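S.K.: Have a look at this one.
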Amino acid sequence: MTRLKTFQELFKRDRRPGDLVFAVLFLGFCLFLLANLRSQAQWLDNTATVAQPAFWPTVAVIGMSFFAGLHLIGSMVSPRIPGRLKEGIFWLRSAEYAVYFLIYVWSVPIVGYLLSTILFSLFLTIRLGYRSHTAIIMSVLFGLSVVLVFRTGLQVRIPPGQIYQYLPDSIRTFAMVYL
């Protein structure tokens, strides 16, 4: 014989590490979207409500804000499981790679696309723990192929590096156009 669960038993949950932090940040993000909605989505005159360009974004952001608020309330009243600091540190570790990417983007106009891309792929390969000769050679070939595909194949316009100014005249033009 199965027993029916009460409403409280059905929705009982434990607060996982980092859940309260996530709930606060997500509700803050939703409120930010809600505050900026009027400047980002347009309401037109003489148009049916459902046909308005801003109608569905408004419904989505209001719904997201409502459920983010419920999530925050649920997180605040649920018993806490220890480990929040460990979870927060785990989340912050992913920001390390965003910083690496920002350094890469900053270095492209200075060092050039070719050298930056090869060094970036080589650095990430070593940072991730792949230190064999095969992995290092493959990362350099990957960086080279990315440059060839984007600069030469797709002809994406990327500003040349300042370092190219120091190349001899005969190589400088080629490097600025293709590398």
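The values are calculated or read from the model by the stated rules, or taken from the named source; none is laboratory data. This is a predicted model, so every value here is computed, not measured. Side chains are part of the model used for accessible areas, which takes the heavy atoms of the whole protein and leaves out ligands, DNA and RNA. Shrake-Rupley method; radii C 1.70, N 1.55, O 1.52, S 1.80 Å.
S.K.: For the chain, what does the helix formula give at 222 nm: sum of -39500 (n - 2.57) over DSSP H segments with n ≥ 4, over the residue count, nearest 500 deg cm²/dmol?
M.R.: Numbers: 8 runs with 116 residues, N = 179.
Computed mean residue ellipticity for the chain: -21000 deg cm²/dmol.
S.K.: Determine the distance separating the Cα centre of the range 21-99 from the Cα centre of the range 107-152; give it in Å without decimals.
M.R.: 36 Å
S.K.: Right, next: Each residue of the range 48-57 in order: what ³J(HN,Hα) in whole Hz does its phi give by Karplus 6.51 cos²θ - 1.76 cosθ + 1.60, θ = phi - 60°, with x for Gly and Pro?
M.R.: Couplings: 4, 4, 5, 8, 5, x, 8, 5, 5, x Hz.
S.K.: Something else now. What whole-number value in Å² describes the accessible area per residue of the range 93-178 for a 1.4 Å probe? Write out the running numbers ahead of the final one.
M.R.: Working: 6050 Å² over 86 residues.
Value for the range 93-178: 70 Å² per residue.
S.K.: Can you send over the carbon and sulfur percentage of the accessible area for the range 116-155, probe radius 1.4 Å, protein chains only? Provide the component values of the computation, followed by the final result.
M.R.: Working: 2010 of 2650 Å².
That share works out to 76 percent.
S.K.: Which shape class applies to the chain: rounded if a/c is under 1.5, otherwise prolate when a/b exceeds b/c and oblate if not, where a ≥ b ≥ c are the square roots of the Cα gyration tensor eigenvalues? Walk me through the intermediate numbers first.
M.R.: Details: a/c = 3.32, a/b = 1.68, b/c = 1.97.
It is oblate, given that a/c is not under 1.5 and a/b is not larger than b/c.
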